[in-house]
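Quick notes on the structure that follows.
The values are calculated or read from the model by the stated rules, or taken from the named source; none is laboratory data. What you are looking at is a predicted structure, and each value in this text was computed from that prediction instead of being measured. Cβ placement follows ideal geometry from the backbone for every residue including glycine, while neighbour counts extend to all protein chains displayed.
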Amino acid sequence: MIQLTAITRIFHMGEQEIRALDHIDLIIASGEYVSIMGPSGSGKSTLLNVIGLLDKPDSGRYQLDDRDVTDLTETEQARVRREKIGFVFQAFHLVPRLTAAENIELPLILAGIPPAERKIRVEETLHAFDLSKRAQHRPAELSGGQRQRVAIARATILRPTALLADEPTGNLDHRTGSEVVALLENLHHAGTTLIVVTHDRELGLRAHRRIGMRDGFIVADEQ
Amino acid sequence: MKLQDTFLFSFKTVTSYPTRSFLIILAMALGVAAVVVLTALGDGARRFVIHRFSSIGTNLIMVLPGRAETAGSFPGATMGQTPRDLTLEDARWLGHLPQVRRYAPLNVGTAELAAAGRLREITILGSTANLLPIRHMQLAQGSFLAHGSQYSAQIVLGAKLAEEFFPDGNVIGQHVRLADRRFMVSGILSRQGETMGFNSDEIVIIPINHAQALLDTTSLFRIMVEVRNRSDIPSAKQAIRELMIQRHDGEEDVTIITQDAVLATFDRIFRALTLGVAGIAAISLAVAGILIMNVMLVAVSQRTDEIGLLKAIGAPGSDIRRLFLTEAAWLSLTGAIFGFMLGHVGSLLIRLAYPELPAWPPAWASLASIVIALSTGIIAGLLPAARAARLDPVKALSGR
């Protein structure tokens, strides 16, 4: 369960103070499917980054699965990210010099899992995401849809409780985008909390719970 | 992240940028090779000189007239300031000391040598039969000065002089004129070349009494003494000093130089020289280190995206720092190993080209250059690694 209390995040641009998040209170239960929508600069990406522990709020508390993670050290936060959170980005963010299999293997290496076990888990995941034939290809040799599949496979290989997707279909055409959405929704059906940040109304409306943001505030929250 | 995986991952990174990695490794390798080759040259020169100096005799003590204040000064530096002569009588007494195996008094001067219609100014050495074994000289033909032949008119020619004056090779038994005296050639020295600033191919050797008469002097240039054992050197030195003081009315007016002391001086000079060139070569290692730092800094900004991603999927800053440090370590270590091999091949080539020069790289230099290369590489990696570890993942991923 994700529980945000009075979360505020302020950016400074010169003299100007921008409240990207202004006293946000939000509870997302385990297994929910949430979309966060809003115009550019509404704070939706910052909210996702705070939930994913990539960004630290200036004030407020954040409880993840009944544990206060607001003031954890950088190393502890990295551990929580590794174990509980999976990120999917608009730009995929695959490591260009590594093959698909090696990209998927990365979180396992960071977690210190022995090579023999890594190999088995990577093969299983490649199979599950229908990427077995592409295992030894580098990102440059993959299509956009395949790249995002590799990225999702990498985000989920450690079975995180929450999957955070920032414009996951932004760089894909409509058909491939739909495939990726179907993949994410399958993972949600398997029990993962799915939080999607998007501009795309069609994608946003598919979520069971839709949060609207504007100027750092939550302006809509519909089930 | 496990250490083994860190090393593997950064090794993969190194091989993923072959041109970049090759250039850094080359720079590091050249630095290490420069240290190895230059120290090999310096140490080779040291061994060469020591060997040459040892080859003029073993367990030698030289007695010079006059008193030099600096121990181990170069022989001949004290010439011309002679308060009391060093005489043949002094030499004879010296020969009776129990530590002395043999001795050879020495006079040096110049005179005109005339033979077969040719005339030339040459260096003459006056000595006795013992000079041959003491100085480890070799004869090419004939015989050296005979024992007890101080007054016989024998002459031994240097190899080059023999060729110049008697191109037909028929030398032994021929007569030559030195100043206005006639000598018969009894032997020819074998070719030795330059030894300690002294070309024995262009000298003649005549009995000491003839030399003194010819040069109109009773004072010796020096006495060369060979002691029985190396361990006798200190006691022989002491005995010679006491004997000379006694014979010279209680005044210490001779300088006694041991070959060991001269050798030790040369050894010190050349070691310092070797260290000096090693230091200069080590500068190139520092330059290679700076190159590594520069390239790693570029790598951090090129791989911002990747660093952000690694953080997003759960790598703490310490993992990122270690990844960049091990990458720098790989680069410098590989460079050091290649440089080590390159340096040894270079030294081998020098030894093949100049067989006289024993250019073996000293072990300390090879080891030190590898250690310095590795540590400069890692130190150079510290700043880029710290910068990478501090990157804000949100900014890194947004590409700003």
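Things worth noting here:
- Taking the numbered list (1) within 11 Å of chain B (Cβ to nearest Cβ); (2) over 21 Å from A:Ser35 (Cα atoms) in turn, A:Asp66 passes all entries but (1).
- Residue ranges of strands (runs of 3 or more DSSP E) in the stretch B:194-264 with at least 3 members of a type in the set (Lys, Arg) and loosely packed, with under 15 Cβ neighbours inside 10 Å: none
- Criterion: at pLDDT below 95, of a type outside the set (S, T, N, Q) and under 20 Å from B:Val371 (Cα atoms) - qualifying residue of B:Ala312, B:Ala353, B:Ala329: B:Ala329
- Within the stretch B:18-46, considering residues that are within 14 Å of chain A (Cβ to nearest Cβ) and in contact (Cβ under 8 Å) with a residue 60 or more places away in the chain, the one farthest from the chain's Cα centre (by Cα): B:Arg20
- Any hit, the stretch B:329-345, residues being β-branched (Val, Ile, Thr) and out of contact with any helix residue (DSSP H, G or I) (no Cβ under 6 Å at 6 or more places or on another chain): yes
- Filter pass, A:Arg97 being within 27 Å of B:Lys12 (Cα to Cα), facing chain B (nearest Cβ under 8 Å) and either within 14 Å of the chain's Cα centre (by Cα) or of a type in the set (Val, Ile, Thr) (or both): no
- Tally, over the stretch A:1-52, of residues that are on the phi > 0 side of the Ramachandran plot, assigned to a loop (DSSP other than H, G, I, E, B) and over 19 Å from the mean Cα position of the chain (by Cα): 1
- The lone exception for A:Leu47 - which of (1) surrounded by fewer than 21 Cβ atoms within 10 Å (Cβ to Cβ); (2) within 14 Å of another protein chain (Cβ to nearest Cβ) it fails: (1)
- Selection status of B:Gly44, in a loop (DSSP other than H, G, I, E, B) and more than 22 Å from B:Ser375 (Cβ to Cβ): no
- Checking every residue in the stretch A:82-91 against the condition of being outside any helix (DSSP H, G or I), aliphatic (A, V, I, L, M), touching a residue at least 24 places away in the same chain (Cβ under 8 Å) and buried (at least 21 other Cβ atoms within 10 Å of the Cβ) gives at least one match.
- Scanning the stretch A:146-156 for any residue that is hydroxyl-bearing (Ser, Thr, Tyr), in a loop (DSSP other than H, G, I, E, B) and in contact with a Gly (Cβ under 7 Å, 6 or more places away or on another chain) turns up nothing.
- Tally of residues being within 35 Å of the chain's Cα centre (by Cα), hydrophobic (A, V, I, L, M, F, W, C) and in a loop (DSSP other than H, G, I, E, B) across the stretch B:104-157: 4
- Some residue of the stretch B:307-321 being without any contact (Cβ under 8 Å) to a residue 24 or more places away in the chain, assigned to a helix (DSSP H, G or I) and out of contact with any strand residue (DSSP E or B) (no Cβ under 7 Å at 6 or more places or on another chain): yes
- Of everything listed in (1) buried (at least 23 other Cβ atoms within 10 Å of the Cβ); (2) over 14 Å from the mean Cα position of the chain (by Cα), the single unmet condition for A:Leu142 is (1).
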